[in-house]
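Throughout, read-outs are computed from the coordinates displayed, never taken from laboratory work. Values in this document were obtained by computation on a predicted structure and should not be read as measured data. Note: ideal-geometry Cβ built from the backbone for every residue, glycine included; neighbour counts use all protein chains shown.
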Amino acid sequence: MKILKKACTKLNQLKFNELIFKVRLLENVFAIHFLKILDLIKFEKDKYRPVSVEKKKNFNNHRYRGRKMIFCSAPFKNLYFQSSGKIISCCFNRTFDIGTYPEQSINEIWKGERLARLKEHILHDDLSLGCNICYEQLKAGNYDGVGAINYDKFYLRRNDQG
């Protein structure tokens, strides 16, 4: 009987240890996934640096034909060719090139990842991808000097936003 009791205790101990191992493994897996989820949430939060709501509101009060949903329509309607072959979205954004011609076709540039990224940032009122001139004018309160205002006269249809 003593041997049987010892065997049951040993078996229970092994099962208990196995159970503890599985619980710790699950805790680690859960912790890893939880950290990944937190990183994604942080990334989405930190992904864009939008201009302040107050600055956008003041800028919209100075715009041609009133308030606009999109901060700037240049990346949705314009390609600016530099003599070096670099293509940018407008003459004010000289640091974030969206392609190089003739190495890339105009169609490749227009449908390319860099322009899509710039459009995505503009849709979130984020001017951090080379729109420094417009950002500095906004910061200074010189809303009529914001280059994006020059593109307001070009109509932007709803299906042109992406």
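The H on the amide N of residue 99, modeled in the peptide plane, is under 5 Å from the matching H of 87, each at least 5 residues off or on a different chain.
Among the listed pairs 47/153; 55/111; 55/86; 57/153; 68/119, those with a Cα-Cα distance over 25 Å are 47/153; 55/111; 55/86. In this simple spin-label approximation, residue 107 and residue 47 carry label points 7 Å from Cα along the Cα→Cβ vector, and these lie 2.9 nm apart.
If Rh is defined by the Kirkwood formula over all Cα pairs and Rg also comes from Cα, what ratio Rg/Rh do you get for region 82-141? Radius of gyration relative to Kirkwood radius: 1.02.
Modelled this way, with points 7 Å down the Cα-to-C-beta line, the labels at residue 95 and residue 63 are 2.4 nm from one another.
Shown here for region 80-139: GluC sites (Glu not before Pro) in loop regions (DSSP other than H, G, I, E, B) with at most 14 other Cβ atoms within 10 Å, namely 103.
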